[in-house]
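Undergrad: Sharing a structure with you now.
The values are calculated or read from the model by the stated rules, or taken from the named source; none is laboratory data. This one's a predicted model, so the numbers in the text were calculated from it and none came from an experiment. Because the Cβ atoms are built from the backbone with ideal geometry, glycine has one as well, and the counts that use them run over all protein chains shown. All accessible areas refer to the heavy atoms of the entire protein, side chains included, with ligands and DNA or RNA removed. Shrake-Rupley method; radii C 1.70, N 1.55, O 1.52, S 1.80 Å.
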Amino acid sequence: MGRDRNRAPPDWRKLMTPPTATSSSDTMNADTVFALRDFHAFEAFGARFLYMVPSAGIFRMDECGSAILDALESGPLSQDDLVETLQGLFDTDRTLETMAELKEIRAIGGPDAPKEEAPKDLPPADFPLNTMVLNVTNKCNLACTYCYEYGEDKIIDTQYGKQPKFMSEDTAEESVEFLLKQSGDQPRAHMTFFGGETLLNFPVLQKTVAYARRRAAEERKTISFSLTTNATLLKPEIIQWLP
Ligand code: SF4
């Protein structure tokens, strides 16, 4: 926070803006007492950022903003005390301006300021599922260095081969039933096959698509499909099967 007086602040200084802002310096005077409010501080790229609760705004702190927050770590201070503490580091105008900005984003405020509650909006009650992603295998015939399946982000942990690498036909059919049931009154559902290399589990793909089409028709729904593949295993019989 605070302003570099020689140049305009960079665009990324304020990454997000809180939905509302309160008054600033007009309600401050020498006796106004400030305390830290509700935020999570974190560091990135050598800078200090505040994630504001509950507005979800993210702000980058400059030296003056950081110094004010540090000064308030040990407890509430009046505006005058803060200015005095930072004297010699920043001029008074800059300190006051930064305090006003910190107050505006609600990083600091009166010690008795009520805690802000996150909005209690609940998701709509009727929230049918109409798309499902089936991870039919985590095995692949390639080994791309950037692949999530070979890193921390892997979707399925086979525990060094103890767990199956391919989805079974039974599990796929159970998944179809789950999708159709959870889609409620929606007339359409969609299923995506994902991997690993999905075509390594081609027999289950074929059977699952046939099963899902039949069951969707019985439920008077339509179902569509998509799959992710590296395309290296496309053979004439598979190409013919693809719609
Ligand atoms: S083709 Fe896809 S699944 Fe296979 S190793 Fe490469 S990124 Fe991973």
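Undergrad: Measure of size requested: the Rg and Dmax of the stretch 131-241, with Cα atoms as the atom set and Å as the unit; please supply both.
TA: Values for the stretch 131-241 (Cα only, Rg and Dmax): 14.8, 44 Å.
Undergrad: Put 165, 103, 115 in order of accessible area, largest first, 1.4 Å probe: what do you get?
TA: Output order, biggest surface exposure first: 115, 165, 103.
Undergrad: Could you compute Rg(Cα) / (2.2 N^0.38 Å) for the stretch 196-243, with N its residue count? Show your work: numbers first, answer last.
TA: Numbers: Rg = 12.0 Å, N = 48, 2.2 N^0.38 = 9.6 Å.
Taking the Cα Rg and dividing by 2.2 N^0.38 Å, one obtains 1.25.
Undergrad: Size of the stretch 53-141 along its principal axes in angstrom, Cα-based, largest extent first?
TA: Dimensions of the stretch 53-141 along the principal axes of its Cα atoms: 64, 41, 22 Å.
Undergrad: Taking H as built 1.01 Å from N, whose amide H comes closer than 5 Å to the amide H of residue 132, not counting residues under 5 places away?
TA: When sequence neighbours closer than 5 places are left aside, the close amide H contacts are 190, 191, 192.
Undergrad: Right, something else. Among residues other than residue 42 whose Cβ falls under 13 Å from its Cβ, what is the net charge (Lys/Arg +1, Asp/Glu -1)?
TA: Numbers: positive: 48, 60; negative: 43.
So the environment of residue 42 carries a net charge of +1.
Undergrad: Quick one: net charge of residue 30's neighbours, Cβ under 11 Å, K/R +1, D/E -1?
TA: Every neighbour counted, the sum reads -4.
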